[in-house]
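**Student:** Below you will find the structure I want to go over with you.
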Amino acid sequence: MHTTEPRPMSARRSDALSGRARVPGDKSISHRALMFGGLAAGETRITGLLEGEDVLRTGEAMKAMGATIEKRGDEWIATGTGNGALLEPEAPLDFGNAGTGVRLTMGLVGSYDMTTRFIGDASLSKRPMGRVLDPLKEMGLQVLSAEPGDRLPITLRGPKHAAPISYRVPMPSAQVKSAVLLAALNTPGVTTVIEPVATRDHTEKMLAGFGAALEVETDAEGARHIRIEGQPKLIGQTIAVPADPSSAAFPLVAALIVPGSDVVIESMLMNPTRTGLVTTLMEMGADIEILERRNEGGEDVADLRVRGSELKGVTVPEDRAPSMIDEYPVLAVAASFAEGDTLMQGLEELRVKESDRLSAVAEGLKANGVDCEEGEASLRVTGRPGGKGLGGGTVKTHLDHRIAMSFLVMGLATEKPVTIDDQTMIATSFPDFTALMTRLGAMLD
């Protein structure tokens, strides 16, 4: 997909943004909806699915293992194989740039007595898979072949009979936790995941919704113990996917930094494991009004009214990182317009995203005149209210959709335009980004 010529794009200082924005469905929930729908007995009906390339790759992988998945009108219909009945895929599963899809699927197939080969694009092939494979090996998985550092292409062989484990997750990672819980679906007995720091809990919520016997307890130290009984019968469900907070972050920050803006973001997921950015921006003085809180499909959802605001720098607590890990690039952009310093800590996870996201953000900020200091796992940004003297640089995106969108947002409020070297990969998570931002009044070309 990234063999196409790079297509640069620039963002220029814009007049006040206004209107209503409905961003794509949540990426985490969309991946899991196709995965669990493709596994559960009977029919699963999904509305609001994020139709980005990453999510559709997960759907293709489930089809390669025996599920039927098709779009009818506004709905996606998945007819699953039944839990425990996935088929060995005949060809390698190509996940393109989908880190979530590949790691969760490794967990799903990790307890099956079959051989599965995983491939991906150049960006995904640089990302280490070892921390997902480590607990799966304890359950009986064999890695038949892999590139150095546990990188793709990887060929896995599952055990004849998987063994349940109790696994303490060494670092906050919803993907590692989810991979173990998915492997447990085809493993007899009780598997336990111990999570010292809570991460997004969509896997637990959705598995329970599909009929898995799963319980969560928090111990005296605040660690979550998630226990799942193996080999449950999973039954198809109806799922309405709420708007993705990580995608909503772009119009949200744009409305805050472009003076006079007034934008409503509709039906945003307000799951407390995902709202770190909103909490942080409000601490910075953002005018964000939370309207019509409601529950849709087991998840909290609300509309957000966002107005142009004068922001102040803050220190973001380290323990908030898991609830906003994908939002740090766009938070760094917001911090560039705030008065004073913003310090972000606990960012080691950003080093192993689509790119070394921490370095990519720091480079992009510096290229556009922002004073910032990159630490091993931290970033300090010194803002310039009004964007005085900022912009004028070209940002290397490193094939990373979030870097691309974050710096396009930046250019809407800087004195000089901001250019990104390539926009093609934005389609992986937010195919409608340019059209949506333009409708609100953003100057993108």
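**Student:** I'm checking my understanding of the structure. Among residues of the range 121-133 that are crowded, with 16+ Cβ neighbours inside 10 Å and out of contact with any Lys or Arg (no Cβ under 8 Å at 6 or more places or on another chain), which one is farthest from L399 (Cα to Cα)?
**Tutor:** So, considering only residues that are crowded, with 16+ Cβ neighbours inside 10 Å and out of contact with any Lys or Arg (no Cβ under 8 Å at 6 or more places or on another chain), the one farthest from L399 (Cα to Cα) is L133.
**Student:** I've got another one for you. Among the listed residues L182, L156, L136, identify the single one that is crowded, with 20+ Cβ neighbours inside 10 Å, within 24 Å of N97 (Cα to Cα) and touching a strand residue (DSSP E or B) at 6+ places or on another chain (Cβ under 6 Å). Can you show your working first?
**Tutor:** Values: L182 fails: touching a strand residue (DSSP E or B) at 6+ places or on another chain (Cβ under 6 Å); L136 fails: touching a strand residue (DSSP E or B) at 6+ places or on another chain (Cβ under 6 Å).
When all the criteria are applied, what remains is L156.
**Student:** Tell me the residue from L436, L390, L412 that is closer than 20 Å to R13 by Cα, out of contact with any Ser or Thr (no Cβ under 8 Å at 6 or more places or on another chain) and of a type outside the set (S, T, N, Q), please.
**Tutor:** Details: L390 fails: out of contact with any Ser or Thr (no Cβ under 8 Å at 6 or more places or on another chain); L412 fails: out of contact with any Ser or Thr (no Cβ under 8 Å at 6 or more places or on another chain).
It is L436.
**Student:** If I ask for residues that are surrounded by fewer than 24 Cβ atoms within 10 Å (Cβ to Cβ), among the hydrophobic types (A, V, I, L, M, F, W, C) and farther than 25 Å from G42 by Cα, which ones from the range 83-120 would you list?
**Tutor:** A91, I119
**Student:** Now, a different point. Answer yes or no: is there a residue in the range 4-18 that is buried (at least 16 other Cβ atoms within 10 Å of the Cβ), touching a helix residue (DSSP H, G or I) at 6+ places or on another chain (Cβ under 6 Å), in a loop (DSSP other than H, G, I, E, B) and not assigned by TED's automatic domain parsing to the domain that holds I403.
**Tutor:** Checking the range 4-18: not a single residue is buried (at least 16 other Cβ atoms within 10 Å of the Cβ), touching a helix residue (DSSP H, G or I) at 6+ places or on another chain (Cβ under 6 Å), in a loop (DSSP other than H, G, I, E, B) and not assigned by TED's automatic domain parsing to the domain that holds I403.
**Student:** Please list, ordered by residue number, the helices (runs of 4 or more DSSP H) wholly in the range 344-445 having 1 or more residues that are closer than 25 Å to G313 by Cα and touching a residue at least 24 places away in the same chain (Cβ under 8 Å).
**Tutor:** 357-367, 401-411
**Student:** G25: closer than 30 Å to D134 by Cα and either touching a residue at least 24 places away in the same chain (Cβ under 8 Å) or touching a Pro at 6+ places or on another chain (Cβ under 7 Å) (or both), yes or no? Spell out the reasoning first.
**Tutor:** Values: closer than 30 Å to D134 by Cα: no; either touching a residue at least 24 places away in the same chain (Cβ under 8 Å) or touching a Pro at 6+ places or on another chain (Cβ under 7 Å) (or both): yes.
The answer is no for G25.
**Student:** Is it fair to say V352 is among the aliphatic types (A, V, I, L, M), crowded, with 23+ Cβ neighbours inside 10 Å and at negative phi? Step through it out loud before you land on a result.
**Tutor:** On the way: among the aliphatic types (A, V, I, L, M): yes; crowded, with 23+ Cβ neighbours inside 10 Å: no; at negative phi: yes.
When the stated conditions are applied, V352 does not pass them.
**Student:** Under 7 Å by Cβ, and 6 or more places apart or on different chains, what pairs join a residue from the range 282-302 that is in the same structural domain as I265 (by TED's automatic domain parsing) with one that is surrounded by 14 or more Cβ atoms within 10 Å (Cβ to Cβ) and among the acidic types (D, E)?
**Tutor:** G285/E310; L291/D303; E292/D303; R293/D300
**Student:** Shifting gears a bit: Residue under question is R200, and the condition is that it be buried (at least 23 other Cβ atoms within 10 Å of the Cβ) and over 22 Å from M114 (Cβ atoms); does it hold? Before the answer, list the steps.
**Tutor:** Working: buried (at least 23 other Cβ atoms within 10 Å of the Cβ): yes; over 22 Å from M114 (Cβ atoms): yes.
So R200 fits the description; yes.
**Student:** Enumerate the pairs (first residue in the range 253-279 and closer than 16 Å to D326 by Cβ; second residue anywhere and among the basic types (K, R) and surrounded by 21 or more Cβ atoms within 10 Å (Cβ to Cβ)) with beta-carbon separation below 6 Å, excluding pairs fewer than 6 apart on the same chain, so at least 6 apart or on different chains.
**Tutor:** Matching pairs, first to second residue: T273/R200; R274/R200.
The values are calculated or read from the model by the stated rules, or taken from the named source; none is laboratory data. Quantities reported herein were computed from a predicted structural model and do not represent experimental measurements. As a convention, Cβ positions derive from the backbone with ideal geometry for all residues, glycine included, and neighbour counts pool all protein chains shown.
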